1. Assign unit charges at the C-beta atoms only (+1 for Lys and Arg, -1 for Asp and Glu), then state the dipole size of the chain relative to its Cα centre in Debye, rounded to the nearest 20.
2. Please order 75, 112 by the number of other Cβ within 10 Å, starting at the fewest.
3. Sorted from fewest to most neighbouring beta carbons within 10 Å, what does the list 78, 18 look like?
4. Just need the relative contact order of the chain here, percent rounded to a whole number, with Cα pairs under 8 Å and 6+ apart.
5. Rounded to a whole number, what is D in µm²/s for the chain from Stokes-Einstein with the Kirkwood radius over alpha-carbon pairs (20 °C, 1.002 mPa s)?
6. For the range 16-30, take each phi angle, set θ = phi - 60°, evaluate the Karplus expression 6.51 cos²θ - 1.76 cosθ + 1.60, and give the result in whole Hz per residue in order, putting x for glycine and proline.
7. Take the Cβ-Cβ distance between residue 9 and residue 119 as r, set R0 to 25 Å, and report the resulting FRET efficiency rounded to the nearest 0.05.
8. What is the spin-label model distance, in nm, from residue 81 to residue 54 if the labels are put 7 Å beyond Cα along the C-beta direction?
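Quick note: the coordinates plus some simple rules give every number you see, no bench work behind them. Keep in mind that what you see is a predicted model, and the values were worked out from it rather than measured. We place every Cβ from the backbone using ideal geometry, glycine too, and count neighbours over all the protein chains shown.
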Amino acid sequence: MANTTSLIWNSVPNPAAYATVIISNNDVNVAGVIEIEVFLTIEGISTPVAHEQFAVPPLINYIRVYGLIGASAYEIQYNVTGTSNFSVNIFPTDVGGNFIGAQRVLGSETQEISQLTPIF
């Protein structure tokens, strides 16, 4: 099942400039495959800006950083296959590298969706 952060509004005094996505495969034996999509809303139009799919070996963590500069809102969607012992957490930071706690989304806080948004 796919998951989403839902739309995160970024119009705060120090908006998020980057979203750091920490991906952890906690399975001892099985690799997982993750597909990630990032959407930015600029001037009211939501645009896909990143689409990645890659394998994560057992007991490995990966970090991906996505730029959000200029976005009034953003959304991160992901789907994991191969293992259920997987976590995905999103930590936004401003241009100074300061963590924005109000926009942080842990994997357990994401919403399930039936599928990732098709990107054409």
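1. 180 debye
2. In order of increasing Cβ crowding within 10 Å: 112, 75.
3. By the 10 Å Cβ count, ascending, the order reads 18, 78.
4. It rounds to 40 percent for the chain.
5. Estimated diffusion coefficient is 147 µm²/s.
6. Values, residue by residue: 5, 9, 9, 10, 9, 10, 9, 10, 10, 9, 8, 6, 7, 10, 10 Hz.
7. 0.65
8. If labels sit at residue 81 and residue 54, their model points lie 1.9 nm apart.
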